Amino acid sequence: MIIKKSPAEIEKMAAAGAIHARTMKLIAGKIREGVSTAELDQAAEKFIRSQGAVPSFKGYRGFTGSICASPNAMVVHGIPGPYRLGRGDVISIDIGVTYDGWVADGAFTFPVGPVTPVADKLLEVTRRSLFDAVEQCRPGNRLSDVSHAVQQTVEAEGLSVVRSLVGHGIGRDMHEEPQIPNYGDAGKGPLLEEGMVLAVEPMTTAGRHMVRMGDDGWAIYSQDGSLAAHFEFTIAVTADGPRILTPWHDGEGAL
């Protein structure tokens with residue numbers, strides 16, 4: 001069952017999302033050659049808690065980090081640790097924030113200094129696919145319109161959508177119904193209605209779409225070792241159109 005939120009509840013999620021966006025912008029200022037993913041994790045946790053919130057990921061199903069930090073061919077779910085960013089890396093940072101019982105979730109893939117043309121294209125196209133998907137988050141559209149928008153943008157540029165990972169509904173729980181693939185035909189699935197809140201998250205690779213699980217049981221990598229990217233917003237479906245609740249793209253320090 002898809003749990004719709006009242007306008008007042010969406011405002012509470014927006015408050016969590018505002019903390020999320022500030023956290024992501026803080027992390028953006030720390031992305032540089034030589035910094036470890038553990039250091040990024042510590043900075044994020046300290047800031048989130050300073051805002052009266054908690055990192056949603058910490059302890060979730062046994063996850064030990066406050067953020068997911070996934071470099072290069074790692075698509076998602078990287079546990080922060082000793083890995084130090086190198087010049088030319090890309091690093092996907094996924095952050096969850098719980099504030100007053102409501103969850104906001106979002107991700108951004110950063111370049112570490114100058115990157116290859118392939119990496120630059122992957123990040124630009126994946127980010128663009130997220131904004132194309134946002135435009136479909138309107139009452140009266142179908143859920144697969146969101147999925148199709150991602151696939152259309154990504155595959156038109158010769159890149160691949162990871163098919164075994166999905167976005168999700170979100171609210172008081174991190175993962176609610178519905179699941180949101182990043183591919184599929186338009187015009188199918190549940191009708192989008194005012195009050196639905198969706199975590200839409202294109203996950204892509206510069207190679208083929210297949211993935212593999214890492215030895216730690218968490219990290220997921222592109223099977224062919226190609227670079228991966230991950231961008232995500234929490235989005236409310238409203239009568240006035242899509243409302244991005246984790247606006248890392250907006251305001252001071254916009255990414």
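Do we find a residue being free of Cβ contacts under 8 Å to residues at least 60 places away in the same chain, β-branched (Val, Ile, Thr) and open to solvent by less than 10 Å² (accessible area, probe 1.4 Å) anywhere in the range 205-224? No, the range 205-224 contains no residue that is free of Cβ contacts under 8 Å to residues at least 60 places away in the same chain, β-branched (Val, Ile, Thr) and open to solvent by less than 10 Å² (accessible area, probe 1.4 Å). Inspection of the range 164-174 identifies at least one residue that is within 30 Å of Lys58 (Cβ to Cβ), open to solvent by 10 Å² or more (accessible area, probe 1.4 Å) and touching a Ser or Thr at 6+ places or on another chain (Cβ under 8 Å).
When Asp173 is tested against the conditions (1) closer than 27 Å to Leu26 by Cα; (2) assigned to a strand (DSSP E or B); (3) among the acidic types (Asp, Glu), the lone failure is (2). Number of residues in the range 8-38 that are in contact (Cβ under 8 Å) with a residue 12 or more places away in the chain, in a helix (DSSP H, G or I) and either closer than 15 Å to Pro80 by Cβ or not basic (Lys, Arg) (or both): the value is 18. Scanning the range 124-160 for residues that are touching a residue at least 60 places away in the same chain (Cβ under 8 Å), of a type outside the set (S, T, N, Q) and over 21 Å from Leu192 (Cα atoms), we see that the one that is least open to solvent (accessible area, probe 1.4 Å) is Val125.
Does Ala43 satisfy being out of contact with any helix residue (DSSP H, G or I) (no Cβ under 6 Å at 6 or more places or on another chain) and surrounded by 16 or more Cβ atoms within 10 Å (Cβ to Cβ)? Answer is yes for this residue.
Listed by position, the strands (runs of 3 or more DSSP E) inside the range 189-255 whose residues that are closer than 17 Å to Ile93 by Cα number at least 3 are 203-205, 220-222, 228-230. Looking at the range 61-70, is at least one residue assigned to a loop (DSSP other than H, G, I, E, B), among the basic types (Lys, Arg), more than 18 Å from Thr246 (Cα to Cα) and out of contact with any Asp or Glu (no Cβ under 7 Å at 6 or more places or on another chain)? No - not one qualifying residue is present in the range 61-70.
The values are calculated or read from the model by the stated rules, or taken from the named source; none is laboratory data. Source: prediction; values computed, not measured. Cβ coordinates were reconstructed from backbone atoms using ideal geometry, including for glycine residues, and neighbour counts include every protein chain displayed. With ligands, DNA and RNA removed, areas are computed over all heavy atoms of the protein, side chains included. Shrake-Rupley method; radii C 1.70, N 1.55, O 1.52, S 1.80 Å.
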